[in-house]
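The values are calculated or read from the model by the stated rules, or taken from the named source; none is laboratory data. Every value quoted in this text rests on a predicted model; they were computed, and no experiment measured them. Because the Cβ atoms are built from the backbone with ideal geometry, glycine has one as well, and the counts that use them run over all protein chains shown.
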Amino acid sequence: MTKENPRKDWMGTLAKAPAEALAALWQQAGLAPDFQWLRRPEIGAVMVQGRTGATGAPFCLGEMTVTRASVRLASGEVGHAVVQGRDRAKAEQAALADALLQSDAAETVKRDIIAPLAAGWAKTKTERAAKAAATKVDFFTMVRGED
């Protein structure tokens, strides 16, 4: 995680996590905080922008379905989440994790939920990169000596 904005890192990890993995880790951690809803999980759509070559001018790529939720723990911490898809349970767990990461339970959540999810994401990225590298074709130009 970066020191500049650790919340950005953990929110990215939670958003990219497979719902099944987050649910399994949540269950294993045995976390059941008292909370109240600020915003129950609701499904909507957002416009996704892209950039050609990751540096070009932005363009509208299309819409994506998302689910968002907000909670307040009994101790006062507020957590928010926006996750891809229509999974209300994942949005709830991500919002609760966000709130807990701002509380005294932060180290437990980092150890039991965030670290395994981040490791899984790193492994997935490595596997995808290796698969893409296997299909790479190197083109080169030979000088034939003709003008």
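Residues that are in contact with a Ser or Thr (Cβ under 9 Å, 6 or more places away or on another chain) and within 12 Å of A97 (Cα to Cα) within the stretch 21-78 comprise A29, L31, P33, L73, E77, V78, listed in sequence order.
With respect to R72, determine if the residue is in contact (Cβ under 8 Å) with a residue 12 or more places away in the chain, closer than 21 Å to A32 by Cβ and of a type in the set (K, R). In short, yes. Out of E63, E4, one residue alone is of a type in the set (D, E, K, R), over 19 Å from A122 (Cβ atoms) and touching a residue at least 12 places away in the same chain (Cβ under 8 Å). It is E63. The single condition among (1) hydrophobic (A, V, I, L, M, F, W, C); (2) under 21 Å from T13 (Cα atoms); (3) in a strand (DSSP E or B) that A97 does not satisfy is (3). The test for being under 30 Å from M47 (Cβ atoms) and either without any contact (Cβ under 8 Å) to a residue 24 or more places away in the chain or surrounded by 15 or more Cβ atoms within 10 Å (Cβ to Cβ) (or both) does not hold for T108.
Per the conditions (1) small (G, A, S); (2) over 19 Å from T124 (Cβ atoms); (3) touching a strand residue (DSSP E or B) at 6+ places or on another chain (Cβ under 9 Å), the sole criterion not satisfied by A32 is (3).
On inspection, A132 does not qualify as buried (at least 18 other Cβ atoms within 10 Å of the Cβ), more than 17 Å from the chain's Cα centre (by Cα) and farther than 20 Å from V83 by Cβ. Residue count for the stretch 29-43 satisfying the condition of being at pLDDT 90 or above and surrounded by 11 or more Cβ atoms within 10 Å (Cβ to Cβ): 9. Summed over the stretch 1-51, the residues that are in a strand (DSSP E or B) and among the aromatic types (F, W, Y) give a count of 2. For the stretch 63-80, the condition holds for no residue, the condition being that it is touching a helix residue (DSSP H, G or I) at 6+ places or on another chain (Cβ under 8 Å), of a type in the set (A, V, I, L, M), surrounded by 13 or more Cβ atoms within 10 Å (Cβ to Cβ) and assigned to a helix (DSSP H, G or I).
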